[in-house]
Amino acid sequence: MLSEAERQAAADVLEKAERDRVQATQLSITWPNIDFDDAYAISAEGARRKVAKGARIIGHKVGLTSKAMQRSSMIDEPDYGYLFDTQMIADGGKAKHENYCLPRVEVELAFIMGKRLKGPGVTLTDVLRATEYVVPAIEIVDARLKDTRKIYDTISDNGAGAGLVLGGRPVGPLDVDLRWVGGIMSRNGEIEETGLAAGVLGHPAMGVAWLANKLGTHDVALEPGHIVLAGSFTRVVFARKGDTLNADFGTLGSIAIQFI
């Protein structure tokens with residue numbers, strides 16, 4: 001476990017990397033004794049600093065929800081990060097490639113909470129009851145730390161969260177079988193990745209349930225109006241300068257973003 005001074009120093013490293021858009025040395029190399037508590041504390045400190053500068057927390061993101069990603073990270077559970085109002089990009093909007101270190105995009109479903117939800121003991125049914133609506137999303141992920149990253153690096157780095165696009169057709173959580181919502185990610189008109197939302201822990205609402213229970217251990221709740229990105233059900237697609245990324249969710253519509 002790290003000392004408080006070391007945690008602050010680690011947050012400094014990530015803050016500088018994000019500001020300068022230059023990847024830093026992995027925290028797990030600089031501080032080999034870093035653990036999960038340290039990583040989440042560093043992430044929380046990064047969020048506190050953003051809020052102090054005027055950003056507003058609008059929800060959370062869940063990552064590492066697929067078995068393949070968990071195996072590659074050598075963990076057996078997801079992770080989470082924070083969403084900020086400063087990360088929102090309009091559907092069809094443009095993002096400056098130079099604002100990121102290594103931008104990639106993922107296909108996800110966003111749950112918009114209608115009721116307060118707090119663990120422990122939150123179930124899939126609880127999530128469906130507490131959700132106002134579900135809407136297609138593209139998450140922009142970035143890596144402020146160099147490869148090869150350990151899970152502690154990713155958690156500390158706000159779960160690599162960097163931006164989100166919401167759009168398409170909002171649906172009630174019981175209006176469709178969310179497990180069978182499909183996503184096709186295309187780059188410049190060519191299909192790069194496809195997947196089903198069932199890839200997120202068997203049902204995307206399970207990602208939200210996991211988050212609510214995890215946050216509950218820190219006495220934090222999901223609040224009405226909060227956005228929860230439930231986890232990607234495709235592999236990441238790298239975004240190059242000039243690329244247009246389009247996510248097609250079938251009957252739920254399509255959303256897009258261009259990197260300039």
Problem set entry | Residue among VAL208, VAL200 that alone is closer than 22 Å to ASP126 by Cβ, modelled with pLDDT of 95 or more and among the aliphatic types (A, V, I, L, M) | VAL208
For this session: Determine whether the range 163-183 contains at least one residue that is of a type in the set (D, E, K, R), surrounded by fewer than 22 Cβ atoms within 10 Å (Cβ to Cβ) and either under 14 Å from the mean Cα position of the chain (by Cα) or closer than 20 Å to GLY92 by Cα (or both).
Result: yes
Problem set entry | Search result, residues across the range 112-134 that are part of a strand (DSSP E or B) and of a type outside the set (D, E, K, R) | ILE112, MET113, LEU117, THR131, TYR133, VAL134
Seminar exercise, completed: The one condition ILE75 fails out of (1) modelled with pLDDT of 95 or more; (2) in contact with a helix residue (DSSP H, G or I) (Cβ under 9 Å, 6 or more places away or on another chain) is (1)
For this session: Kindly indicate which of ASP85, ASP79, ASP20 is buried (at least 17 other Cβ atoms within 10 Å of the Cβ) and either closer than 30 Å to PRO173 by Cβ or free of Cβ contacts under 8 Å to residues at least 24 places away in the same chain (or both).
Result: ASP79
Problem set entry | Inter-residue pairs, beta-carbon under 6 Å, first closer than 22 Å to PHE259 by Cβ and in the range 122-151, second acidic (Asp, Glu), 6+ apart | ALA137/GLU108; GLU139/GLU106; GLU139/GLU108; ARG144/GLU18; ARG144/ASP157; LEU145/ASP153; LEU145/ASP157
Problem set entry | Matching option when the condition is surrounded by fewer than 16 Cβ atoms within 10 Å (Cβ to Cβ), in contact with a strand residue (DSSP E or B) (Cβ under 6 Å, 6 or more places away or on another chain), of a type in the set (Ser, Thr, Tyr) and farther than 30 Å from ASP37 by Cα, among THR251, THR244, THR194 | THR194
Exercise. Given (1) in contact with a helix residue (DSSP H, G or I) (Cβ under 9 Å, 6 or more places away or on another chain); (2) at pLDDT 95 or above; (3) not in a strand (DSSP E or B), where does GLY225 come up short, assuming only one miss?
Worked result: (1)
Exercise. Residues of the range 225-256 being charged (D, E, K, R) and more than 16 Å from ARG104 (Cβ to Cβ), which ones?
Worked result: ASP248
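The values are calculated or read from the model by the stated rules, or taken from the named source; none is laboratory data. Model, not experiment: these values are computed from the prediction. Using ideal geometry, Cβ is built from the backbone for each residue, glycine included, and neighbour counts are taken over all protein chains shown.
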